[in-house]
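The next block holds one structure in the form of structure tokens; read it before the comments.
The values are calculated or read from the model by the stated rules, or taken from the named source; none is laboratory data. Keep in mind that this is a model prediction, so the values were computed, not measured. No Cβ is skipped: glycine too gets one built from the backbone with ideal geometry, and neighbour counts run over all protein chains shown.
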Amino acid sequence: MSSLDDTLTPSDITREIRDFDRRQERRRRVVPRAALVGLLAGLVASAFRLTLEWLDRARDSLFRAAHGMPRPWGLLLVLAVCGAAAGAALWLVRRFAPETSGSGIPHLKAVLHRLRGMRWRRVLLVKFASGTLGIGAGLALGREGPTVQMGGAVGQMVSRWVRGNARERHILIAAGAGAGLAAAFNAPLAGVIFVLEELRRDFAPGALTGAFMASVTADVVVRLLMGQSPVFHVSSPPVPPLNTLPLFLILGVVTGLLGVVFNRTLLGSLRLFERTSRWPFGLPAALVGVAVAVVGWFAPEALGGGGPLVQDTLSGRIGLRALSVFLLLRFAMTMASYGTGTAGGIFAPLLVLGAQTGLLVGLLGQPIFPSAAGFGTSFAVVGMAALFTSIVRAPLTGIVLILEMTSS
């Protein structure tokens, strides 16, 4: 039997109704604003992707033309172009917006925790320009991190256009970041989970509603403009037999260790390149751009985000020896490229490494687990999710992201 103290008074009921009305009013404000954020973030992501695809084709054409020129003029031409573009990318970051260095996701987290401000105009312009120059030059970086930060800048922009408090402004910034991830990967659910699991680390109703609306809207915009095909085309293989589970467990251990090595090496690369902060005119990135051009002279498919490499790995069109070489090469290129501080993310590079590691473990384990033969695609897909989880520490995002990216 309830005591008198547990009885609701009219003032308690009034307060509950007032709180409910306040939450509903906040939701009514967030939904259309988050949809607008998603629309604009989708447009920015599409423009960024189209620009990078055009630059990838231009770079491939440059390398083909250079191979037809008398030596050494062809090689010198690609060295000069890639070096100059990478150097310009770093110069833009250092000169106008240092917060756009790298993926920009740590900066977004600092903004959401009220530790940093957001200069959305500079972030949008510098991130777009530096990202296209650096990735277009062939640096082993991804477009996904920049798209996430630009999405957050779009959220800040919209929050300045409309009236709202600080909490609603941060909801829109986080929603824009999720929309950026959704637009970059054609993965709206992963965008929502990324906001909740990685950026905000809470499941507040306003954050969930804003992230969902922005991510879905951005995904629809990108699919209308870029097509509805998944990022990677995977023919659905049969389910691996249960006796291959120990090999998948080994793959989890390997990717976990590789994730530790990746993060520690990346931090070491950043510390190393910090010593070059006084070098003029983006020289550190220019030198890395020259080195990347040398790699591209012999293996142009190794440059940039590495999408073709992932597709070849998922399709099993790469041999064991080439797989090992590309794994080591891409690891070194990613460390050097990200360490320079130009605008570019690590999501795409780590997916390359994850797919190659998964396929490598699957191939090497076949003598011990013969039933694993023919399931290379499964090992590659699981390797991507496992390495993403190991490096980013966001297991739900990693699993959902890979499922949506591969439609598998």
note = Residues in region 131-160 that are over 14 Å from the mean Cα position of the chain (by Cα), over 18 Å from A177 (Cβ atoms) and surrounded by 24 or more Cβ atoms within 10 Å (Cβ to Cβ) total 5
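Yes/no per residue for (1) surrounded by 20 or more Cβ atoms within 10 Å (Cβ to Cβ); (2) more than 22 Å from L52 (Cα to Cα); (3) basic (K, R):
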residue: P308; (1), (2), (3): no, no, no
residue: R321; (1), (2), (3): no, yes, yes
residue: G339; (1), (2), (3): yes, no, no
residue: G354; (1), (2), (3): yes, yes, no
residue: L364; (1), (2), (3): no, yes, no
residue: A385; (1), (2), (3): yes, yes, no
residue: I399; (1), (2), (3): no, yes, no
query = Hey, does region 87-94 have a residue that's more than 18 Å from R143 (Cα to Cα), surrounded by fewer than 17 Cβ atoms within 10 Å (Cβ to Cβ) and among the charged types (D, E, K, R)?
reply = no
task = Among the residues of region 298-324, count how many are part of a helix (DSSP H, G or I), under 17 Å from G383 (Cβ atoms) and hydrophobic (A, V, I, L, M, F, W, C).
result = 6
ask   = List the pairs whose first member sits in region 137-156 and is at positive phi and not assigned by TED's automatic domain parsing to the domain that holds V288, whose second member is assigned to a loop (DSSP other than H, G, I, E, B) and buried (at least 24 other Cβ atoms within 10 Å of the Cβ), and whose Cβ atoms are under 9 Å apart, counting only residues at least 6 apart or on separate chains?
value = G138/L303; G138/G304
remark   = Condition set assigned to a helix (DSSP H, G or I) and among the small types (G, A, S), scope region 243-289, selection surrounded by the fewest Cβ atoms within 10 Å (Cβ to Cβ): answer is G268
query = Do we have any residue at all in region 371-379 that's among the hydrophobic types (A, V, I, L, M, F, W, C), under 20 Å from the mean Cα position of the chain (by Cα) and either surrounded by 24 or more Cβ atoms within 10 Å (Cβ to Cβ) or closer than 28 Å to T147 by Cβ (or both)?
reply = no
message = Please go through region 292-304 and give me each residue that is more than 10 Å from G138 (Cβ to Cβ) and small (G, A, S), ordered by number.
response = A299
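Among the listed residues V78, V44, which satisfies the condition of being under 29 Å from I171 (Cβ atoms), in a helix (DSSP H, G or I) and modelled with pLDDT of 75 or more?
None of the other options fit; the residue is V44.
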ask   = Which residue, of M213, M226, is at negative phi, at pLDDT below 90 and either of a type in the set (A, V, I, L, M, F, W, C) or in contact with a Pro (Cβ under 7 Å, 6 or more places away or on another chain) (or both)?
value = M226
